[in-house]
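Novice: Sharing a structure below in C-alpha cells format, with a few things to ask.
The values are calculated or read from the model by the stated rules, or taken from the named source; none is laboratory data. Bear in mind the structure is a predicted one, so any value in this text is a computation, not a measurement. When we count neighbours, we look across all protein chains shown, and the Cβ atoms used for this are built from the backbone with ideal geometry, even at glycine. All accessible areas refer to the heavy atoms of the entire protein, side chains included, with ligands and DNA or RNA removed. Shrake-Rupley method; radii C 1.70, N 1.55, O 1.52, S 1.80 Å.
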Amino acid sequence: MSSARVARRIAAGAAYGGGSIGLLGVAAVGVLLAEVQLAKRSVGGGVAPLPPGADGRYGHAYGTETPLRLALLGDSTAAGQGVRRTGQTPGALLASGLAAVAERPVDLRNVALPGARSDDLERQVSLLLAGPAGAPDVCVIMIGANDVTHRMPATQSVRAMASAVRRLRTAGAEVVVGTCPDLGTIEPVYQPLRWLARRASRQLAAAQTIVVVEQGGRTVSLGDLLGPEFAANPREMFGVDNFHPSAEGYATAAMALLPTVCAALTLWPEADRIDVDRHEDMLPVAKAAAEAAKEAGTEVSGARAPWALLKHRRRRRLPVPGAPAAEPEGADGSRKGGEAGEGGPGSRSTPVRQD
C-alpha cells in the first residue's frame, strides 16, 4: 500500500472514530519490542538537562510596537530539552527570528512538556487559551516521537492533533506543525528497529499533515532534517543523551520552521505560488503529505480542497541570542538587508548554518 493511502487511512480512522489502525504491522511488533530493549541500553547514555525557560519578550530593539505573540506546544523537542542555554531552545530561536523578520517585538510562551504524547495537547491548548490575552498570533506544535516509541494508536494520535489545531484555529491563531521526526536516525538504534522506526515516523508525519491542513494549519517536515544531516553528523546534531537534538540540531529545525511561521502571518516575501525550479507542486493532500514526509523542510498548506500546496521556502539565517549580530541571508547565501532581531535582555544575534 502506498504511503499516501496509509496516511489517508489513518486520518480517516481518526475522523470517523477508528482506533485500531497502528503504525506497524502485527508481525513487526515482536521484533520491535525485542529491539527496543536493546536500544534502551544505548540510548540515553548521557543525561539530558531539563529545558531552560525561554518565555518572555524578544526583539527589544524594535521598541514599543505591539508585540506579536508566539506559542510553542508539544513534547521535549518543542520545550528544548537537551540544551542548557535559553537562546539555544527552538522557542527562543523562532521568537528571535520572527522579531527580525517582522521588525516587531515577540512575546513567547512555551507550554510544551517533555515526554508528552499527542493526547496531552488538549491540556496544553486549554492552558494556552485560558490566559486573559486569548489566543496567540501563531502557534508552533512539535510532537509525535513519543507517540511512536510508546506505540500510541495512530488514529488516536492524529485525532488529538486534529482537535488541538481545530481549537487553536477557531480561537483565531495561525498554526504551524513540525511533524513527527524520523526516529530511524537515533544513532544507537540498529536494524531492523531503525527501519521500523523510520517507517512508523513517516506514516505518522504524513497523517499529521493531512489533518492539520484539513483544519486550516500548515506543516513542515522535520523527518529528513533529522535524517541525512543527523545521520551524517550524529555527534554534532544530537545532544549528550544521544536522543534529543543538540543546539545545532535545534537551530537547524527552527530554521526550517521559521519561513512557514512568517508566511502564516503574511510576513515572508515569497508568495504562495508554485516555483517549479524549487520542485514545488499542487497535489492531492494525501500525496503531498507523503511527499513532504520524505524531504526536509517541506511545507504543506491548504489550497482548493482536496488539493494542497507543496513548497520549499528559501531559508534565512536565524538570529540566535548570545552571539554577534548578523544580517538575514537567503538560500543562495546573499544578504537580504536589515539587521537581525534581538532576543531577551542582553542577548545578541548570530547566523546558523543553512542549505
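Novice: In whole Hz, what ³J(HN,Hα) sequence does the stretch 83-100 give by Karplus (6.51, -1.76, 1.60; θ = phi - 60°), x for Gly and Pro?
Specialist: After applying 6.51 cos²θ - 1.76 cosθ + 1.60, I find 10, 10, 9, 4, x, 8, 6, x, x, 5, 5, 5, 5, 5, x, 5, 4, 5 Hz.
Novice: If you average 1/r over all unlike Cα pairs in the stretch 134-181 and invert the result, what Kirkwood radius do you get in angstrom?
Specialist: On the way: mean 1/r = 0.0877 Å⁻¹.
Final number for the Kirkwood radius of the stretch 134-181 is 11.4 Å.
Novice: Before I look further, what does the stretch 80-207 give for accessible area per residue, probe 1.4 Å, in whole square angstrom?
Specialist: I get 34 Å² per residue for this part.
Novice: Give me the one-decimal nm value for the distance between modelled label points at ARG278 and THR170, 7 Å along each residue's Cα-to-Cβ direction.
Specialist: For ARG278 paired with THR170, the spin-label model returns 3.4 nm.
Novice: Could you calculate the contour length gain from ARG84 to THR66, that is, 0.36 nm times the residue separation minus the distance between their Cα atoms, to one decimal place in nm?
Specialist: 3.5 nm
Novice: Can you compute the radius of gyration and Dmax for the stretch 65-162, using only the Cα atoms, both in Å?
Specialist: Values for the stretch 65-162 (Cα only, Rg and Dmax): 14.2, 46 Å.
Novice: Let me ask something else. Find how much the distance from ALA133 to ARG57 grows on full extension, using 0.36 nm per residue of separation minus their present alpha carbon separation; answer in nm with one decimal.
Specialist: Details: separation 76, 0.36 × 76 = 27.36 nm, distance 1.48 nm.
That pair, ALA133 and ARG57, stretches by 25.9 nm at full extension.
Novice: Can you run phi through the Karplus equation (6.51, -1.76, 1.60; θ = phi - 60°) for the stretch 289-301 and list ³J(HN,Hα) in whole Hz, with x for Gly and Pro?
Specialist: Residue by residue, the stretch 289-301 yields 5, 5, 5, 5, 5, 8, 10, 4, x, 7, 9, 10, 9 Hz.
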